[in-house]
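Below is one structure, written out as C-alpha cells; comments come after it.
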Amino acid sequence: MRFHHEIAIDPARCIGCGRCVDDCPAANLVVADGKAAPLTQGCIMCAHCVAVCPTNAVTISGFDEEPRPLDGAEALEPARLLAALGARRSMRRFADRPVADEALADIVEAGRLTPTGGNAQDVSFIVLCERLERCEELAVRLFRRVLPFARLVDATARRTEIDDRFFFKGAPAVVVVVAKDQVNGALAASNMELAAQAHGLGVLYSGFFAMAARLSPALRRELGLARGQKAVTALVVGHSAVNYRRTAPKEPADVRFL
Ligand SMILES: Cc1cc2nc3c(=O)[nH]c(=O)nc-3n(C[C@H](O)[C@H](O)[C@H](O)COP(=O)(O)O)c2cc1C
C-alpha cells in the first residue's frame with residue numbers, strides 16, 4: 001500500500017464481542033479485559049475489523065474516505081447481472097461523442113474498489129487525454145515495424161493493415177490499467193468494463209496496446225511506466241456506433257464438479 005495506516009479501537013465504544021477477532025484474516029486482534037486491541041500495526045489493513053464492528057469502535061487512519069453503512073441496497077440481482085454480462089460486446093466502432101467526466105470517474109472508481117491480492121492496492125490507472133494520440137502513434141509505429149514478421153506466420157496478420165487508429169479506433173477515452181500483478185490488474189479492468197457498461201458505454205480491452213506498451217521503450221516513457229510496472233490492459237471507452245440486436249453465442253462452460 002502506498003500510505004501509512006494504523007488501527008485504533010475506541011475502548012469507550014468497544015463492547016468486547018470479538019467479532020473483529022473472529023473475522024481478522026491475519027489473527028492480529030485480541031480481546032483482553034473485555035476490550036479488543038490490535039496486536040501489531042503490521043497487518044494487510046483489509047479493514048474487516050472496521051466493517052464488522054457492531055458499535056463502529058474500530059478506525060484505521062490514513063484513508064481519505066469514511067466507511068459507509070450498508071443497508072442492503074448494494075445487492076445484485078442474479079438474472080439481471082447475467083443478462084448484462086451476456087449483452088456486453090467488445091466495441092470496435094465508436095460514435096463521435098465524448099465520454100462524460102463522471103462516467104470516467106466511475107470507471108476508475110470501479111477499478112479502485114476491486115480487491116487485490118494481499119490487499120496490495122497496487123493497481124494504478126492512466127487516463128489518456130492530451131497524450132492519447134501520441135501514445136497511439138508510438139504503438140502504431142511499433143506494430144508497423146513488426147507486422148511483416150507477423151505476416152510470415154499468421155494468417156490474420158496477412159489480412160490486417162495497421163492504420164492510424166488501429167489501437168483506439170477513434171474512441172474518445174482510454175484508461176490504461178497498470179499493475180505489477182497481472183491478476184490484480186485484470187480483475188480491476190473487468191469491473192471497470194462493467195462500470196462503463198452501466199453508463200451505457202462500450203469498451204474494448206486492447207491487448208495489442210498493452211503488448212506495445214510492454215515492447216516499446218518510447219511508449220513506456222510516454223506513459224511514465226516505472227521498471228516492473230506492467231500495462232496489463234487498456235480500456236478503450238466510448239459510445240457505441242453499433243447497435244447489437246442479440247447476444248453472441250459462446251461455447252458451454254468447461255466445468256467439472258469434483
Ligand atoms: C485480454 C483481452 C485482450 C483483448 N485485446 C483485443 C485487441 O487488442 N484488439 C481487439 O480487437 N480485440 C481485443 N479483445 C477482444 C476479444 O477479441 C473479444 O473479447 C472476443 O472476441 C469475444 O468478443 P466479445 O468481447 O464481443 O464477447 C481482447 C479481449 C480480451 C479479454
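What follows is calculated from the coordinates using simple rules that are stated; it is not laboratory data. In this text, all values refer to a predicted model and were calculated from it rather than measured experimentally. With ideal geometry, Cβ positions are generated from the backbone for all residues, glycine too; neighbour counts draw on all protein chains shown.
Looking at the square roots a ≥ b ≥ c of the eigenvalues of the Cα gyration tensor of the stretch 45-108, which shape do they give, rounded for a/c under 1.5, prolate if a/b is larger than b/c, or oblate?
On the way: a/c = 3.50, a/b = 1.81, b/c = 1.93.
Oblate, because a/c is 1.5 or more while a/b does not exceed b/c.
In the neighborhood of Gly202, defined by Cβ-to-Cβ distances under 14 Å, what is the net charge if each Lys or Arg adds +1 and each Asp or Glu adds -1? Write out the running numbers ahead of the final one.
On the way: positive: Arg88, Arg89, Arg92, Arg93, Arg97, Lys169; negative: Asp96, Glu193.
Net of charged neighbours comes to +4.
Simple spin-label model, 7 Å along Cα-to-Cβ: Phe3 to Leu70 in nm?
Simple spin-label model gives 2.2 nm for this pair.
Between Arg131 and Leu82, what length in nm is gained on full extension when 0.36 nm per residue of separation is reduced by their alpha carbon distance?
Additional length available on full extension: 14.0 nm.
Name the long-range amide H neighbours of Val232: under 5 Å, sequence gap of 5 or more, or other chain; modelled H, no Pro or chain starts.
Long-range HN contacts for Val232: Val177, Val178, Ala179.
Specify the angular offset, from 0 to 90 degrees and rounded to the nearest 10, of the alpha carbon long axis of helix 101-113 from the longest principal axis of the alpha carbons in the chain.
That helix lies at roughly 60 degrees to the long axis.
Give me the dipole magnitude in Debye, nearest 20, for the chain about the Cα centre, with unit charges on the beta carbon: positive for Lys and Arg, negative for Asp and Glu.
Details: 32 positive and 30 negative charges, 304 e Å.
In debye, rounded to 20, the chain gives about 1460.
Would you calculate a helix-derived [θ] at 222 nm for the chain, using -39,500 (n - 2.57) for each DSSP H run of n ≥ 4 and dividing by the full residue count, to the nearest 500? Show your work: numbers first, answer last.
Working: 9 runs with 93 residues, N = 258.
Dividing the helical sum by the residues of the chain leaves -10500 deg cm²/dmol.
Using amide H atoms built 1.01 Å from N in the peptide plane, name the residues 5+ places from Asn28, or on other chains, whose amide H lies under 5 Å from its own.
It is none; the list stays empty.
Using a Gaussian network for the chain with springs between C-alpha atoms less than 10 Å apart, which of these wobbles most: Arg68, Arg134, Arg227?
Looking only at Arg68, Arg134, Arg227, the largest GNM fluctuation is found for Arg68.
Suppose R0 equals 22 Å; then what is the FRET efficiency for Arg221 and Ala186 from their Cβ-Cβ distance, rounded to the nearest 0.05? Don't skip to the answer; put the middle values down first.
Values: r = 24 Å, r/R0 = 1.11.
Here the calculated transfer efficiency is 0.35.
Given the options Ala120, Met211, Asn184, identify the residue whose Cα lies farthest towards the positive end of the charge dipole of the chain (+1 on Cβ of Lys, Arg; -1 on Cβ of Asp, Glu).
With unit charges placed on the Cβ atoms, the residue in question is Met211.
Under the rule of at least 5 residues apart or a separate chain, name every residue whose amide H is placed under 5 Å from the amide H of Ala241.
Sorted by chain and number, the residues that satisfy this are Arg93, Phe94, Ala95.
Rounded to the nearest 20 debye, what is the charge dipole size of the stretch 67-201 about its Cα centre when +1 sits on each Lys and Arg Cβ and -1 on each Asp and Glu Cβ?
On the way: 19 positive and 19 negative charges, 157 e Å.
For the stretch 67-201, the charge dipole is close to 760 debye.
Which whole-number percentage describes the relative contact order of the stretch 7-60, with Cα contacts under 8 Å and a sequence gap of 6 or more? Can you show the working numbers first?
Numbers: 84 pairs, mean separation 24.6, N = 54.
This gives 46 percent for the stretch 7-60.
Under the classification rounded if a/c is under 1.5, otherwise prolate if a/b is larger than b/c and oblate if not, where does the chain fall, given a ≥ b ≥ c as square roots of the Cα gyration tensor eigenvalues?
Note, shape of the chain comes out prolate.
Could you tell me the distance between the Cα centroids of the stretch 83-107 and the stretch 1-28, to the nearest Å?
Between the Cα centres of the stretch 83-107 and the stretch 1-28 lies a distance of 39 Å.
Using only Cα atoms, find the angle between the long axis of helix 132-153 and the longest principal axis of the chain, and express it within 0 to 90 degrees, rounded to the nearest 10.
So the inclination is approximately 60 degrees.
With unit charges on the beta carbons (Lys and Arg positive, Asp and Glu negative) and the dipole taken about the Cα centre of the stretch 61-119, which residue among Met91, Pro67, Leu81 sits farthest to the positive side?
It is Met91, whose Cα lies furthest towards the positive end.
At a 10 angstrom cut-off on C-beta neighbours, averaged per residue, how do the peptides 104-114, 240-250, 156-166 rank from highest to lowest? Don't skip to the end; give the middle numbers.
Details: 104-114: 18.3, 240-250: 9.9, 156-166: 12.2.
Per-residue mean Cβ counts within 10 Å order the peptides as 104-114, 156-166, 240-250.
How big is the gap, in Å, between the Cα center of the stretch 207-240 and the Cα center of the stretch 121-178?
Computed from Cα coordinates, the inter-centre distance equals 8 Å.
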